1. Using θ = phi - 60° and the Karplus form 6.51 cos²θ - 1.76 cosθ + 1.60, what ³J(HN,Hα) does each residue of the stretch B:44-52 get, whole Hz, x for Gly and Pro?
2. Suppose a student asked you for the relative contact order of the stretch B:290-448, using Cα pairs under 8 Å spaced at least 6 residues apart; what percent would you report?
3. Going Cα to Cα from A:LYS311, which lysines come in below 27 Å? Please leave out same-chain ones fewer than 8 positions away.
4. Give me the net charge for the shell around A:ALA260: Cβ to Cβ below 11 angstrom, other residues only, Lys and Arg +1, Asp and Glu -1.
5. Could you compute the longest span of chain B free of trypsin sites (Lys or Arg not before Pro) located in DSSP loops and having at most 16 other Cβ atoms within 10 Å, not counting the site residues?
6. Restrict the search to the stretch B:326-404; then list the GluC sites (Glu not before Pro) that DSSP places in a loop and that have at most 12 other Cβ atoms within 10 Å of their Cβ.
7. Give the long-range amide H neighbours of A:ASN340: residues separated by 5 or more places, or on another chain, with amide H under 5 Å away, using H modelled in the peptide plane at 1.01 Å from N.
8. Pop out the ³J(HN,Hα) list for the stretch B:396-403 in order, Karplus 6.51 cos²θ - 1.76 cosθ + 1.60 with θ = phi - 60°, rounded to Hz; leave Gly and Pro as x.
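Values in this text are rule-based calculations from the coordinates and carry no lab data. Note that the structure is predicted; figures quoted are calculated from it, not measured. Every residue, glycine among them, receives a Cβ derived from its backbone with ideal geometry; neighbour counts consider all protein chains shown.
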Amino acid sequence: MSLDTLLSYNWGIMTPEFIILVVIALLTIFDLFMPKTMDRKILGWIGLAAIFAAMVTTASLAGGSVESILDDTFRLDSFAIAFKLLLLAGAGLVMFLAVSHEAKEGLENYKGEFYYLFLTALLGTMIMTSSGDLITLYIGLELLSISSYILAGIRKNNLKSNESAMKYVINGSISSAIALFGMSYVYGLTGTTNLLDIAAQLSVLMDSQHVYLLGISFLMILVGLAFKLAAAPFHMWAPDVYQGAPTPVTAFLSVVSKTAGFVIVIRILLTVFGAAATEGPGSVPLLLDMQDYIAVIAGATMIIGNVVALKQTNIKRLFAYSSIAHAGYLLVAVTTLSSNMFYSIWFYLLAYLLMNLGVFAVIQVVAGKTGSEKITDFAGLYRRSPWLAVAMGILLISLAGFPGTAGFIGKLNIFMGAFATEGHYVLASIMIATTVISYFYYFGVMTQIFFRPAADTSKFHIPFGILVVLIITVVGSIWFGIFPNTALDFMHNNLNIIDDFFS
Amino acid sequence: MNLNWVLSTLVFSPLLGIILLAFLPKTQEKLIKLVGLLATLPALVLSLAAYFHYLAGKKLSDFSVSAEWIQFRGMNANEPIFSVYYELGLSGFQLLLVVLTAIVATLSAIAARYVKKEWKGFFMLFLLLEVGMLGVFTAENLILFFLFFEITLIPTFFLIGKWGYFEKEKAAYSFLIYNGLGSAVLLIVIMILFAKTGTTNVELLSQMIADPTAPLSADLKLGLFIALLIAFGVKLPIFPLHSWMLRVHVQAPPAVVMIHSGILLKIGAYGLIRFGMGIFPEQFEMLAVLLAILGVINLLYGAFLAFIQSDFKMVLAYSSISHMGIVLIGLAAMNEAGIQGAIFQVISHGLISALLFFLVGVLYERTETSIIDHLGGLAKGMPIAAGFLLAGAMASLGLPGMSGFVSEFMAFLGLFKVQPWIAAVGTIGIIMTAVYLLRAVLGMTFAQAHRKFDAIVDLKGVEYVPVIVLMLLIVLIGVYPSVLSSPLQATLETIMLGLGG
């Protein structure tokens, strides 16, 4: 390949990725040459600036046509832009948490790494959203995973953090291997790794033996990715990892990493298996044929996540199960495959990003002060810091899905999809019933905050970064609850996902 | 004159109070209570203005407001847009409930003088609750209705759980979970209707459901109606979905019980009439006998259990169940007299129970008990309060000349026309009502005194306001029922049109 061909590509569409990549390189070098005694916080702020710049450039790319580089290994379509904005917003808020995080238990020696590993993980997720090829998808996934493994264990002297990293590495790599094995079948059947070429070839699949093989491959990929989403019954790692990791990392895993998980699920399942014929050209796609498997996983995830959450006494474990449950709600949207699926998943992830990151900001303040992570530490929060308590209350109400908050509109979107097409009544009913179960534990935290007396009446110091996160998340949760169309119209007017996605 | 600002202002005016309160220092007890009370007044004034606007012969549709709010879009350009509008409006029935809500809210704000701690938080939640209630009765589509409906849940949970009596947290939880389940079922109904028809506007829906070409099978309609019945049955409450409501009545602070028993329970009746009967008249007719039986069960079950209670609050709680049975009986009659009786009962019970629970609050404030035996000899110690208590009980048991009589009479008149046997069984309930109320009230006022009433003062000062206002309204409806029946006329005609067709 000559230089001319290389230069002929429109590299401009990768600007956001380049910004992040360059800043990662710079931060690594700075960290190396900075005096040991110097505060590494400045690196975090540089990272934040990079994320912001990447967000602006991503937004400016919206509205154009689909472009791709190097035979679709990198493609910029509306889907990529929409989800990249979410990932960048999530990572930006996590970065604010990280800058305000008090380093201890071994983390103080690795503060530089703490910041730029978030950026490498973010880069991985961005590559995943923009990839039209199995290889780059997998590379993005691994970049995300490996960065996350280190981040989970970065509190070197904390036993739980080490346990968390170990469990995450083992579970994560097994699941990656399973997904990769599944992908290898697809490659074997079609001889290509380009998603759209695969789709074209599979849509004329005639041989029933091949369909059977493809079915196995579907299940393997589904299982492998279900690990990443922490969907039941492959969710067991999540509570341990969430508990052991430092709070900003937990927030990252529960929001950004999960968003990326849904991105890859949609990319692979929809393009590859949404096109694969079951009985010759024009027949029911394999994805519809296999819908029930996703439905079972979705149902089990909602039930297990919400029911087990009832028993938790550790706040991070509680929110681990809560985020398992939310993955279940999102899987309902994946199952129904309705025409508003992209909308509903995107909006739900936006709402989830806001409410969950806000909650982790509060957890970071409270747990940082008390040194433990018990739910009872929240007792009397209303007395000690009324504003913090009210913010937490609003975020919890949004998580519980009460009207007037973004969480409600997100659920409404998913219900619409569930009832509109063929009517997934059972799945939708499970979703509503488990939502009511979730009131128990969300309001359980509220009971502690508002009803119980405080054991210790000292005030909280709220760092600037946390304050920013809280203001953005609380205002956002209410704003998108009352004026959801400000987000939905942006999607509708600038991004034409469904047309872009398959072209 | 353009009047479409009225309803939005009416519904959201309490928010102004919340904002004001947020800036007040939390130690200024008197000021906070005053601001809290004043913040309920704009809604009261506007609702009364709307009532007189109607009496002056003008149309209620002057107040309707509609604006685009949420669009749910499919991704393809050619798919229908699912729009939810912000639309508020009033019919005669809604108008009456809004007036009732505004009155009871203001009077409860007076009763909130007994709140002992954290007045600021209390009034902020209280006003938020008022926004929810006013919104519920003015919403013209199901999604907006649901939004306001859930807005009432959260403040009520906190008001019970924080300011209630001994077992408050348990009561708050059972309130939350039962009502949460009820609203979950309601949400399913709303979303199915929305997904199938593309609208949630009540009027459009009732036309669409009546249309035989609508994309809903008869089975689905029946299923949706039964789901609605369960959703609002939790709220009303219909036996056996009532246990949460007993706890709330006993544990919640007086101001909140006045609201809860006076207004919040009525949302169940309102929903059954407006959505159950309005959207699914055929299905309502199919299940009318079942509803009549459920009504009689409620009536008798409540009455018999009220008879053996030793706590006056429990007597009133069971009495609420019993009286809601009369609403069901009236509705099940499916004729004009019956439905009118049911609506009368909704409003009359709202006033009566607010009065009785206010008096319970007054008594508890002075004696720290609501056990009937402990209150014996009340007539000697607090003659005026005892007198009003007796009058309230008389209204509740349906003494002619008071509002309770008109509603019970009409509800039974309706049912006797269609289901004489069930109605005949139901009349036992009326007798029982007299028995349990007189037993309880006489036990408190005239029985042997077990305590001294020396240091206890009678009703005084501002406490007279709720008592006298409510009493006057009860008597007004009793002697001049057309204050209610004339605004209801149009609503009844619409309902009868849907039923009789």
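1. Here the 3J(HN,Hα) series is 5, 4, 5, 5, 5, 4, 5, 5, 6 Hz.
2. Result for the stretch B:290-448 is 33 percent.
3. A:LYS160, A:LYS167, A:LYS228, A:LYS258, A:LYS369, A:LYS374, A:LYS411, B:LYS162, B:LYS168, B:LYS170
4. Numbers: positive: A:LYS84, A:LYS228, A:LYS258, A:ARG267; negative: none.
Here the count lands on +4.
5. Working: sites that count: B:LYS26, B:LYS58, B:LYS59, B:LYS116, B:LYS117, B:ARG451, B:LYS452, B:LYS460.
Longest stretch, sites excluded: B:118-450.
6. Numbers: sites: B:GLU336, B:GLU365, B:GLU368; in loops: B:GLU368.
Here the GluC sites (Glu not before Pro) that fit, given the DSSP loop and packing criteria, are B:GLU368.
7. B:MET75
8. After applying 6.51 cos²θ - 1.76 cosθ + 1.60, I find 5, 7, x, 6, x, x, 10, 5 Hz.
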